[in-house]
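These notes are about the structure you will find just below.
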Amino acid sequence: DRQTLVAVLQFLRRSNLRESEEILRREARLLGDDLGGNVATVATSSPGVAAVAAVPPGKGEARGDGGVSPSSRQEPREAASPCAARSLGSSPLWDSKIVGGAVVVEDQPDVSAVLSAYNQQGDPTLYEEYYSGLKHFIECSLDCHRAELSQLFYPLFVHMYLELVYNQHESEAKSFFERFHGDQECYYQDDLRVLSSLTKKEHMKGNETMLDFRTSKFVLRISRDSYQLLKRHLQEKQNNQIWNIVQEHLYIDIFDGMPRSKQQIDAMVGSLAGEAKREANKAKVFFGLLKEPEFDVPLDDEDEEGENEEGKPKKKKPKKDNVGSKSKKQDPNAPPQNRIPLPELKDSDKLDKVMNMKEAARRVRLGPECLPSICFYTFLNAYQGLTAVDITDDSSMIVGGFADSTVRVWSVTPKKLRSVKTAADLSLIDKESDDVLERIMDEKTASELKILYGHSGPVYGTSFSPDRNYLLSCSEDGTVRLWSLQTFTCLVGYKGHNYPVWDTQFSPYGYYFVSGGHDRVARLWATDHYQPLRIFAGHLADVTCTRFHPNSNYIATGSADRTIRLWDVLNGNCVRIFTGHKGPIHSLAFSPNGRFLATGATDGRVLLWDIGHGLMVGELKGHTDTIYALRFSRDGEILASGSMDNTVRLWDAVKAFEDLETDDFTTATGHINLPENSQDLLLGTYMTKSTPVVHLHFTRRNLLLAAGAYSSQ
């Protein structure tokens, strides 16, 4: 489109690439003057920090339904440009990136340009008066408006404090901070601690939190009545300082209808940049499962059909299985079968699927009356520091990533781990014999444990491929390594992240994998490409965990900015932003039917999300520490959560997801009604002696495996 073109031309001109600029201009039939005339339009069309435009084309952010474009210094109106108009006072410098063939204009804020917006300032001695005046007004307003307007306290407090510091009124800033920081919600304590260390203008230059706050508009969702009340108050009081901050730094998403209650607001707020705009969760998501390929299952003598109460043995996906899917019909919510290219099934995959169905036929149906047995693998004497665990889909191998930079693979079955013979020995083998696959393995190498050396820093994530031929590991050294489980050697080191990589995961169909790290982006890779296929940029802090959707068309990422994002693998767009956690996210799990997502964080809460409607539908409270592991049972009836509080808890997923209120009104306004008490969903709590739970896995027959390292303190 024209705007992207002009942005690229500007970039070329700035980089003194005149020749390329001329060629591009001739190709696009753009005259010289066009570039100058359009500078203003382009420099004002950044959708916040999302590098991949999160706004559907043609929809302005300042919408008729009342979303206020905070930079327009007048009444809410339709913005002319496809993205929100942005005041030129803080126009960012542009940096273009090519992602998946499309040019993405990224908001790389130039520090001085960003901070200069704090120049227009009022009388520093009046800041406390302004703030306490607004505080008094909000606290005296009607109950129904008070909860909504109280959301203003935190962003206004931060911006007013930063404005004082930037303009070098250090003593006023200190007194302002001391007087009002105690009034902020408890879940902003960590951010306030960072803020309290910024006491001089120089401190602000290199501080990431500061820049995030300045460049991404803080989103507040407020009903029209509450907004009108606030506006009237600020205009009557001539309180321009606060009104300027509201216009400049906040994005107020106005909805028509009843104001939300304190509980409803508390459930949704707490992330680094406020709530998600409602617009961000409107895109259509194909959350259904792909149709399984058809092939015949040879029934063994002992596999009578009567064994399974469901009837026939089920067809199964490599990762997840949904017992309800008896029909061969295409799921209406599923993506087209060829929406993204998936690898062909090899003969060994088909064989594995057959095994899988036989196992599924003997699967235990779980429920409140029939809880799974739990087998706990404790890593003893793990003085190397266990940092990551994964278990193969058929539960035959377990891998540990350690802080001493090693990756250790164990066989959990009596079958030992063996490497393939050397090339010289392989040439002597009869290739035609039936047991050729057995003959190529070298018995002399058989052992229960294999140690893989290669990383130069702690290993933070591990993932087995669905076919058990490969293993991924990611590390503090900034690389993701692919290991062969035939030779137990490293095949590739993928370099793309410049900082520690916190998590990596294979797609349920193999071939693709995702990684996320300290550089705030997630990357999609294919095993045969040494560069990433997609870069998912938009989080405001480290990407701490990653998960593929069961249909492999989407990837969920959890971040230290306290949000979860869902990305479309096809085009790299962010299609969902979920806010509500009060601490960094450390675990994600999709339900086997693909409709729901469960997330766990340092706040000890498990939140449940309806992907299709983009809504929070449940909150499970009980853990007292960070939740590092979440897993649904194979048929999706039970959700298991494992935490640093040394417990595994089992939750009734069927009950949690039944009778959901997802009518149009709820979807439109985000009025969610969570049950007060999640204790009736808790089916059991299982303590370990002193072992934090870092991984959970349901076997194909629904036995729950858990893993962690014993800690003596």
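The values are calculated or read from the model by the stated rules, or taken from the named source; none is laboratory data. Note that this is a predicted model, so its numbers are computed, not measured. Neighbour counts run over all protein chains shown; Cβ positions are idealised from the backbone, glycine included. Surface areas here come from the heavy atoms of the whole protein model, side chains and all, with no ligands, DNA or RNA. Shrake-Rupley method; radii C 1.70, N 1.55, O 1.52, S 1.80 Å.
Looking at region 465-568, the accessible area is 27 square angstrom per residue; that uses a 1.4 Å probe and ignores ligands, DNA and RNA. Largest to smallest in accessible area, the residues Glu170, Glu275 fall in the order Glu170, Glu275 (1.4 Å probe, all protein chains included). Do the alpha carbons of any pairs in Lys358/Lys416; Lys346/Lys495; Lys277/Lys582; Lys262/Lys621; Lys358/Lys444 sit beyond 26 Å of each other, and which pairs? Too far apart for the 26 Å limit: Lys346/Lys495; Lys358/Lys444. Using a Förster distance of 35 Å, how high is the FRET efficiency between Ser196 and Leu142, based on the Cβ-Cβ distance and rounded to 0.05? That pair, Ser196 with Leu142, gives E of 0.55. Qualifying chymotrypsin sites (Phe, Trp or Tyr not before Pro) in region 378-449, where qualification requires a DSSP coil assignment and no more than 16 other C-beta atoms within 10 Å, comprise Tyr383. If you count Lys pairs in region 122-260 whose Cα atoms are under 28 Å apart, skipping same-chain pairs closer than 8 places in sequence, the total is 16. Net length available on complete extension from Arg2 to Lys282 is 98.3 nm, with 0.36 nm assigned per residue and the Cα-Cα distance removed.
To the nearest 10, the accessible area of Tyr127 is 0 Å² with a 1.4 Å probe.
Inter-label distance, His529 to Asn571: 1.8 nm, where each label sits 7 Å from its Cα along the C-beta direction. 3J(HN,Hα) couplings calculated from phi for region 503-508 with the Karplus curve 6.51 cos²θ - 1.76 cosθ + 1.60 (θ = phi - 60°) are, in sequence order, 7, 8, 8, 6, 5, x Hz; Gly and Pro show x. Between Leu682 and Gln168, the contour length at 0.36 nm per residue exceeds the alpha carbon distance by 179.7 nm. Taking the protein heavy atoms of region 122-260 in the context of the full set of protein chains, the accessible area attributed to carbon and sulfur is 48 percent at 1.4 Å.
Distance between the 7 Å Cα→Cβ label points at Ile451 and Lys416: 1.8 nm. In the full protein context, region 122-260 carries 42 Å² of accessible surface per residue, based on a 1.4 Å probe and ignoring ligands, DNA and RNA. Between Glu369 and Gln330, the C-beta separation translates, for a Förster distance of 35 Å, into a calculated FRET efficiency of about 0.55. Once backbone amide H atoms are built at 1.01 Å from N, Phe376 has Ala706 as its partners under 5 Å, excluding neighbours fewer than 5 places away on the same chain.
Across region 122-260, Cα-Cα distances exceeding 18 Å account for 55% of all pairs. Close amide H pairs (under 5 Å, H built 1.01 Å from N) link Tyr470 with Ser465, Leu485, residues at least 5 positions away or on another chain. The label point for Glu22 and the one for Leu351, both projected 7 Å from the Cα toward the Cβ, are 6.4 nm apart. Taking only the Cα atoms of region 166-239, the radius of gyration and Dmax are 15.3, 41 Å.
Accessible area per residue was computed with a 1.4 Å probe on protein heavy atoms; His697 scores about 10 Å².
Ranking of Thr626, Thr422 by solvent-accessible surface, largest first: Thr422, Thr626 (1.4 Å probe, protein heavy atoms only, all chains present).
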